[in-house]
Amino acid sequence: MNSLQNLALVCASVAWCFAEDYVLDDKPGLGRTFDGVGGLSGGGATSRLLVNYDEPYRGRILDYLFKPSFGASLHILKVEIGGDAQSTDGTEPSHMHYENDENYFRGYEWWLMKEAKRRNPNITLIGLPWAFPGWVGRGKNWPYNFPDVTASYVVSWVIGAKQHHDLDINYIGIWNERSFDSTYIKLLRYTLDKNGLENVKIIASDNLWEPITLYVLRDGELSDAVDVLGAHYPGTTTVMDALQTEKKLWSSEDYSTFNNEVGGGCWARILNQNYVNGRMTATISWNLVASYYEMLPFGRDGLMTAEEPWSGNYVVESPIWITAHTTQFTQPGWVYLQTVGHLMQGGSYVALTDQKGNLTIVIETMTHDHSECIRPPLPPYKVVPQNVTFYLKGSFAKISKMEVWRSKFDFTTKKSFFFQKQDPLKLFDGSFTLNLDVDEVYTLSTITTAQKGSYPDPPPSAPFPKTYKDDFNVGNPYFSEAPDFADQTGVFEYFINLTDPGPHVFTLRQVVVERPVTWEADADQTISVLGDYSWQNLTVTSDVYIETVKTGGVFIGARVDQGGGSVRSAKGIFFWVFADGTYKVTGDLQKTNVLAEGPSGTRAHVWHTLCLTIKGDYASGTLNGSPLWNTTVTAVPNNGWVAIGTSSFELAQFDNFSVEAQ
């Protein structure tokens, strides 16, 4: 008995099965051109920990994401254009902290784009700002007051990608999930063209379908400037105005769902139904890979999980293989058939062709409760087991055999399997029949190159090391941050101290000196977190160097309980010293809950050593090896990350950082 005969038993095991017929035919014409499936790195430092993995594990993770005919085999990589500000799970550094500053080696997105391109030379690359350095807004939290400045800033990133990394950016966005400005979009188009970047296309507005579609319909010049209408979390639907523009329609950010099996079901449903319901020809997942501390917002919302560079552990989650059901059997440039739609008894099917004789059919039967995405709400619907017969017509009538790949979500016996190759399906008179159970995904295709790539199991999961030390003596790395530090407000970069080095030649420096044009509610203080969120009792030590005379200040902290967009409300135990010769100990980042304070003798342009020790409800601090304070800490979190930071947007340095946790 072959696998398809086994599947026939599904219908025999229930009272009855529905039987329906469907026709796949290219004779009436074809639908829209397929633009691909992708992932989004950034939009909140979501790949922060990935770059810290050792080989071979880092390369294997990248293979599961980008290598053709292996894993997710993504067609699109979208990245954040770092803006020095909090954008969901952290900050990403700008290539221009200041107006007269350009550095196209900050951050890890350049590296990631090159790694993706090395695996798939045809991958589509997209850049989108979430925030902008403060100088772009000229003191205002708004990037459109000086649209020429903003356009030049964004275009410089595109030019830098090519000049310094040989990366051709294919698409550029406006401002993530914020208001758009028609004048700015037109000026961005003009600036791109003026710099010989006519091939770089514009996506707008990375928010909702409206009102951008109305503006495009009414403004011919704006319509000429915009190539793609991109909506976020459209719930698989579009609006009539968007269709009337005759533009490409993309779900330019979607999914954003915990990557368990319900998350995999969400991804399976929307990959099909974004086209069936909304005629969207590309779907991009936020996020690409969950490579940030899990207790930050939206923990494990990536296509796979890689959040332990210290252990090398990673997890290839179900969304990777659900992606493969589409990506390994299609390419951008293929075309949807017009004959796609919903199955009569629940689920959906799409069919695509390369117009060279190849055909790929993807079928999903995900039930409501097993495919809910984080947003928007999913109206109720039913799916039941069903018997379906497909008739291939037109140029497909002579197809006699198709490859079959199947995934089964089993929420009852927990015996799910994903992307499993079945026996090839022989067609009789251009037709075939399948017995579909609920919560399944099928791909049937004439493409024969698909494979379920695999590597030996990664190392087992392990907690963050209890002993951690970093003297930052690494020279000139290709990414900005020190390993494992996750900047939440401000940007902490490796720095070579040539003016007054002493023993501190290589340090970690906070470099953002002006509040950025923000996307989230950045704190008034800069902060970078590290470590195990479960840490309670520990000692954290760091040499610190205040650079701002009179008003400057720095801190080390522990039991820090908030990050991401909630970082302003972070609580913990924060040990501050200031250039005016004082110190404070506070139970929150905003310094409203003062636990201890007094004179310290600290001043700017002098290295000091801070040490914070916490045991249960008792905390103490030393300055330069001498006791400075001790206090009870009953009104603070019981656990959390360790942290470093500054009292405002100001320059400051850190060195010889260490943690000893119990």
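Each reported figure results from applying straightforward, stated rules to the coordinates on display, with no laboratory input. On a predicted model such as this, the values are computed, not experimentally measured, just so you know. Note that each Cβ is placed from the backbone with ideal geometry, even for glycine, and that neighbours are counted across all protein chains shown.
For the chain, what does the helix formula give at 222 nm: sum of -39500 (n - 2.57) over DSSP H segments with n ≥ 4, over the residue count, nearest 500 deg cm²/dmol?
Taking each H run of at least 4 residues, the total per residue is -5000 deg cm²/dmol.
Just to confirm my numbers, what's the Cα centroid distance between the stretch 344-372 and the stretch 410-477 in Å?
Each part's Cα centre sits 18 Å from the other's.
Would you kindly give the portion of the calculated P(r) for the stretch 38-87 that falls above 17 Å, as a percent of all Cα pairs?
For the stretch 38-87, the share of Cα pairs beyond 17 Å comes to 44 percent.
May I ask what percent, to the nearest 5, of DSSP beta bridges between residues of the chain are antiparallel?
The answer is about 70 percent antiparallel.
Along the Cα-to-C-beta direction of VAL606, a point sits 7 Å from the Cα; which residues of the stretch 639-654 have their amide N less than 18 Å from that point?
So the set is 652-654.
List the extent of the Cα atoms of the chain along each of their three principal axes, largest first, rounded to whole Å.
89, 57, 40
For a quick check: with amide H placed at 1.01 Å from N, whose amide H comes under 5 Å from ILE202's, ignoring anything fewer than 5 positions away on the same chain?
ILE172, ASP227, VAL228
Tally Lys/Arg at +1 and Asp/Glu at -1 over every other residue whose Cβ is under 14 Å from the Cβ of VAL362; what's the total?
Cβ neighbours under 14 Å give a net charge of -1.
Which one of ALA482, ILE573, GLN386 is farthest out on the positive end of the charge dipole of the chain, using unit charges on Cβ (Lys, Arg +1; Asp, Glu -1) and the Cα centre as origin?
GLN386
Using only the Cα atoms of the stretch 36-305, construct the convex hull and provide its projected area averaged over every direction, in square nanometres to one decimal.
13.6 nm²
Work through the residues other than SER156 whose Cβ is under 12 Å from its Cβ and net out their charges, Lys, Arg +1 and Asp, Glu -1.
So the environment of SER156 carries a net charge of -2.
I want the antiparallel fraction of DSSP beta bridges within the stretch 36-305, as a percent rounded to 5.
Bridges in the stretch 36-305 that DSSP calls antiparallel: roughly 5 percent.
Could you derive backbone 3J(HN,Hα) for the stretch 131-136 from the dihedral phi with the Karplus parameters 6.51, -1.76 and 1.60 (θ = phi - 60°), listing whole Hz in sequence and x where the residue is Gly or Pro?
9, 9, x, x, 5, 5
Quick one: net charge around GLN338, please, counting Lys, Arg +1 and Asp, Glu -1 for every other residue with C-beta under 9 Å from its C-beta.
Summing Lys and Arg as +1 and Asp and Glu as -1 gives -2.
Highest mean first, how do 331-339, 438-446, 248-256, 561-569 rank when packing is the count of other Cβ atoms within 10 Å averaged over residues?
248-256, 438-446, 561-569, 331-339
How tilted is helix 182-194 with respect to the longest principal axis of the chain? Cα atoms for both, answer in degrees (0 to 90, nearest 10).
Tilt relative to the chain: about 90 degrees.
Classify the stretch 467-661 as rounded, prolate or oblate, taking a ≥ b ≥ c as the square roots of the eigenvalues of its Cα gyration tensor: rounded when a/c is under 1.5, otherwise prolate if a/b is larger than b/c and oblate if not.
It is rounded, given that a/c, with a ≥ b ≥ c, falls under 1.5.
Using only Cα atoms, what Kirkwood radius does the stretch 270-397 have, in angstroms?
It works out to 16.9 Å.
Does anyone have the angle between helix 57-66 and the longest principal axis of the chain? Alpha-carbon axes, 0 to 90°, nearest 10?
Computed tilt is about 40 degrees.
Starting with the highest mean, order 361-367, 122-128 by the number of other Cβ atoms within 10 Å, averaged over the residues of each peptide.
Averaged packing, sorted descending, gives the order 361-367, 122-128.
Take the Cα coordinates of the stretch 92-243, assign each an equal point scatterer, and use the Debye formula without solvent to give log10 I(q)/I(0) at q = 0.09, 0.11, 0.13, 0.18 Å⁻¹.
-0.29, -0.44, -0.61, -1.15
Using just the alpha carbons, could you tell me how many Å³ per residue the convex hull of the stretch 406-507 encloses?
Once divided by residue count, the hull of the stretch 406-507 is 265 Å³.
Once you sort the root eigenvalues of the Cα gyration tensor of the stretch 343-458 as a ≥ b ≥ c, which label holds: rounded (a/c under 1.5), prolate (a/b larger than b/c) or oblate (the other case)?
Note, shape of the stretch 343-458 comes out oblate.
Just name one of ALA351, ALA306, GLY42: the one whose Cα is farthest towards the positive end of the charge dipole of the chain (beta-carbon charges, Lys/Arg +1, Asp/Glu -1).
ALA351
Quick check on packing: order 387-396, 215-224 by the mean number of other C-beta atoms within 10 Å, highest mean leading.
387-396, 215-224
Can you tell me the dipole magnitude for the chain around its Cα centre, using point charges on the Cβ only (Lys, Arg +1; Asp, Glu -1), in Debye to the nearest 20?
1080 debye
Could you count how many Lys pairs in the stretch 467-661 have their Cα atoms under 22 Å apart, skipping same-chain pairs fewer than 8 positions apart?
8
Is the C-alpha gyration tensor of the stretch 146-220 telling us rounded, prolate or oblate? Criteria: a/c under 1.5 is rounded; beyond that, a/b larger than b/c is prolate, otherwise oblate.
Since a/c reaches 1.5 and a/b is larger than b/c, the shape of the stretch 146-220 is classed as prolate.
Return one number: the angle in degrees, 0 to 90 and rounded to the nearest 10, between the long axis of the Cα atoms of helix 3-12 and the longest principal axis of the Cα atoms of the chain.
Taking the Cα atoms of the chain, the angle to 3-12 is about 80 degrees.
Can you list which of the chymotrypsin sites (Phe, Trp or Tyr not before Pro) found in the stretch 70-104 are DSSP loop residues with at most 15 other C-beta atoms within 10 Å?
TYR98
Based on Cβ point charges of +1 for Lys and Arg and -1 for Asp and Glu, what charge dipole magnitude is obtained for the stretch 36-305 about its Cα centre, in debye rounded to the nearest 20?
420 debye
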